[in-house]
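Any read-out appearing in this document is the output of simple, stated calculations on the displayed coordinates, not a laboratory observation. Treat the numbers as computed from the prediction; the structure is a model and nothing was measured. Heads up, the Cβs are rebuilt from the backbone with ideal geometry, glycines too, and the neighbour counts pull from every protein chain shown.
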């Protein structure tokens, strides 16, 4: 199931995305007691109410609503850097002995269609990173690896926009990862039961019309790390290969350019991604604000698992 948070008119509420028809079932209009934010819905354990109302809820065209970040203010956004051998190789950095965990401040979160602000103090250093985000839906501690998937409510997309010079100025990277508007999120959450094995997902990001080959490619063979997590946190499994930090000869994001991270389920009998977390080519984010540029990632289903990585 794909659950979106959207605004229509002056009301923001939750709905179920019907990808085959390009509509959203307006479940929020059926029950005034339903939370209007997905985080509150998960905390209340009320997903069953969404399912119950979806069949009879009025339909709205997706193009007629504004999609918002599925969770407006997640308690925590954590990411794991240098978690892929390919990214370690392209960055020229040594392989880490322990996970490099960093955070993005929650004030960076915006919707998938909102404008990304280019800081006036670093207009030449704004970069993109398409990320698959796991949404932890259950408060947990010391979860055994075989049980890790049981606490994941679902998955969404985050464009981990980074200001590289500020990122490198401090060992925590927080300064370069947390500018206002540098966390486009969405367009919706896909529940874990619909994704199945997340290790078979592939993410791609392209910039300025570099489609379908894309600029950023990866197999999503990520780790689930033992940690204490309150519900509704978002965890980026890794920093992926192919982003500008190690992509010599390619320009960073600038005004008027477009970057698209996207996720979808690849169907074996098709040569195009056509269903999943986001639809191909859907709604790139635009750079605006202090100085405007679009940027959004693609995750598709692989037919087989990759070989083990170092």
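Summary table
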{"read-out": "Per-selection Kirkwood Rh - region 11-67 (Cα, Å, 1 d.p.)", "value": "11.4 Å"}
{"read-out": "Among beta bridges that DSSP assigns inside region 66-196, antiparallel share in %, nearest 5", "value": "90 percent"}
{"read-out": "Å³ per residue enclosed by the Cα convex hull of region 34-180", "value": "162 Å³"}
{"read-out": "Residue exposure sequence - 160, 147 - by fewest surrounding Cβ within 10 Å", "value": "147, 160"}
{"read-out": "Where the Cα pairs of region 1-115 fall when distances are cut into 10 Å bins, in %", "value": "13, 35, 24, 17, 11, 1"}
{"read-out": "For 174, 191, order by how many other beta-carbon atoms lie within 10 Å, fewest first", "value": "174, 191"}
{"read-out": "Per-residue Cβ neighbour rank within 10 angstrom, fewest leading, 166, 188", "value": "166, 188"}
